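Below you'll find the structure, written out as structure tokens, and then a few comments.
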Amino acid sequence: MGDGVARSRWGRSRLGGGRWSALAVALVIGVVLAAGFGALAAATGVVADHPLLGGVVFAVCTVGPCAALGYLLVVDRDTIAGATRRPEESVESGWYERAAAGALGDVVVLAGLTLVVATFVPAIDDVPLRLVLVVLIGVAAASCAVRYLVARRKG
């Protein structure tokens, strides 16, 4: 590379002058965040029968995503071996931008059509809002993924 930056598979943390492995810092952040989420779940009664057990299970289930978030927050891209120098200028970045923009349009159209249907079908008021939001997020993710794959295939 020739730029004097030490590179590793997982990169270094931006914290503490880059002395720490980004993966180690991310795992600590993940455990702390997951423990906090587990305590919050136990305190708010997410699992009313066994709050302590529910909090522990909640923490165990969220430690992976929390560690991934911690990694994204602390890693210095310049210290990852094989990382692209300017990813925002890559072909893949262009594909993603077009796919995300198209998916946003799909979500707006779907939300508009859903509102029109909800206006004329009163039984739709019984559908839980959480279910509607989960479906909306799923449609957005699927739309973006399909549009990205189509853009990649076209080249």
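The values are calculated or read from the model by the stated rules, or taken from the named source; none is laboratory data. Quick caveat, the model's predicted, so the values are computed rather than measured. When we count neighbours, we look across all protein chains shown, and the Cβ atoms used for this are built from the backbone with ideal geometry, even at glycine. Just the protein is used for accessible areas: all its heavy atoms, side chains included, with ligands, DNA and RNA removed. Shrake-Rupley method; radii C 1.70, N 1.55, O 1.52, S 1.80 Å.
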**Asked** Quick one: is residue 49 farther than 30 Å from residue 154 by Cα and assigned to a helix (DSSP H, G or I)?
**Response** no
**Prompt:** How many residues does the range 29-75 contain that are on the phi > 0 side of the Ramachandran plot and either buried (at least 16 other Cβ atoms within 10 Å of the Cβ) or among the hydroxyl-bearing types (Ser, Thr, Tyr) (or both)?
**Reply:** 0
**Request:** Scan the range 76-91 for residues that are open to solvent by 90 Å² or more (accessible area, probe 1.4 Å) and in contact (Cβ under 8 Å) with a residue 24 or more places away in the chain and jot them down.
**Result:** 77
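Being basic (Lys, Arg), out of contact with any Phe, Trp or Tyr (no Cβ under 9 Å at 6 or more places or on another chain) and outside any loop (DSSP other than H, G, I, E, B) is the filter here; which residues of the range 77-100 pass it?
Within the range 77-100, the subset basic (Lys, Arg) is 77, 85-86, 98.
Those left that are additionally out of contact with any Phe, Trp or Tyr (no Cβ under 9 Å at 6 or more places or on another chain): 77, 85-86.
The answer is 77, and nothing else.
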